[in-house]
Amino acid sequence: MDKRERIHKIAQTEEDRILLAKVHDKITAGIRRQIPVSTSFLSPREQQLVKNLLSGEDLHFFGGTQEPERAVCCWLPDYLEVDSLWDEELSPICAVRASFFAADELTHRDFLGSLMGCGIKRETVGDIFAGQGSCDFLVTREILPYLLQNLESAGKTRLHLTRIPLEDVRIPQASIREIRATVSSLRLDSVVSAGFGLSRGKAAEAIEAGRAALNDMPTDKPDKSVTAGDKISLRGMGKIRLEKVGGKTRKDRLCVVISRYE
């Protein structure tokens, strides 16, 4: 199967086809020339599409933190170790800290809007970690000089920008609630119902409406099977992870443990 056929089989939209063609050309060019290459930042869904397209290659998805959501796809020749991605001089990613008056309480949305507002494309920006008095975020190396010169404020709040080492990025503590429940089966609608506190019918409707993603891939199939470790997101509701599947109750229902990220 050639490049065009593989892309046609994997892509779900025209935007997918354009992205996959660009990634394929960039990664394969690096392999051919035996030089390190990296893409722009990819969403979790886009990362999965790239994995499906280039499944035979030794790829690394790097976001500048230990468990990133957005990441660049990298290919490294044999003379470079994976640890080189963390090297300040070699890494395709840079970390920036924006300091501001703590009482202003800026959010992820405030910073994303300001970045886009000063002409920075979304694909050059990785994860954004807004905190009290500062916000750390990841960008591609190429955009760093422009960013440091042009991002001066978020809303009406003045910012002071500095580049920081990747290992110094501050990640706010996630709020996770453990849910212990029973489900009739490991169908997607059953797990969504338990994890988000919806009726089985409402869960199925939300999935059929295209609001759900299983392991970052959109799905509209309520009867899709779920296994321990799977991540589920529901647009407008957040994310859950099926942590554990236990034994059955006397009523023949499965005991499950679910983490809900709030």
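The values are calculated or read from the model by the stated rules, or taken from the named source; none is laboratory data. Since the structure is predicted, the reported quantities are computational estimates derived from the model, not experimental observations. Here the Cβ positions follow ideal geometry from the backbone for every residue, glycine too, while neighbour counts run over all protein chains shown. Keep in mind that these areas ignore ligands, DNA and RNA; they rest on the heavy atoms of the full protein, side chains included. Shrake-Rupley method; radii C 1.70, N 1.55, O 1.52, S 1.80 Å.
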Using only protein heavy atoms and a 1.4 Å probe, report how much of S199 is accessible, in Å² to the nearest 10. 60
Potential extension, I10-A209 segment - 0.36 nm per residue separation minus Cα distance: 69.5 nm
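Take C255, C118, C135 and sort them by solvent-accessible surface of the protein heavy atoms, 1.4 Å probe, largest at the top.
Details: C255 50, C118 30, C135 0 Å².
Solvent-accessible surface, decreasing: C255, C118, C135.
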Out of S55, L90, P222, whose Cα points farthest toward the positive end of the dipole of the chain (charges: +1 Lys, Arg; -1 Asp, Glu; placed on Cβ)? P222
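Write down the Kirkwood hydrodynamic radius of the chain, to one decimal in angstroms, obtained as one divided by the mean of 1/r over all alpha carbon pairs.
Numbers: mean 1/r = 0.0487 Å⁻¹.
For the chain, the Kirkwood estimate is 20.6 Å.
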Run the dipole for the chain about the Cα centre, Lys and Arg Cβ at +1, Asp and Glu Cβ at -1, nothing else charged, and hand back the magnitude in debye, nearest 20. 1200
Can you put V139, V37 in order of accessible area, largest first, using a 1.4 Å probe? V37, V139
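For the chain, give me the percentage of DSSP beta bridges that are antiparallel, rounded to the nearest 5 percent.
Numbers: 52 of 52 bridges.
Taking every DSSP beta bridge with both residues in the chain, the antiparallel ones total about 100 percent.
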Over the chain, the sum of -39500 (n - 2.57) across DSSP H runs of at least four, divided by residue number and rounded to 500 deg cm²/dmol, gives at 222 nm -8500 deg cm²/dmol
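Which order do D230, D216, D168 take when ranked by solvent-accessible area (1.4 Å probe, heavy atoms of all protein chains), largest first?
Final ranking, largest accessible area leading: D168, D216, D230.
At most 16 other Cβ atoms within 10 Å and a DSSP loop assignment: could you name the GluC sites (Glu not before Pro) in region 124-184 that fit? Before the final figure, lay out each step's value.
Values: sites: E142, E152, E167, E178; in loops: E152.
Qualifying residues, ordered by number: E152.
Would you mind getting the accessible area per residue of the chain, heavy atoms of the protein chains only, 1.4 Å probe, in Å²?
Details: 14630 Å² over 262 residues.
In whole numbers, the chain has 56 Å² accessible per residue.
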Exposed-loop cut sites defined as chymotrypsin sites (Phe, Trp or Tyr not before Pro) in DSSP loop states with at most 15 other Cβ within 10 angstrom; longest site-free run of the chain spans 102-262
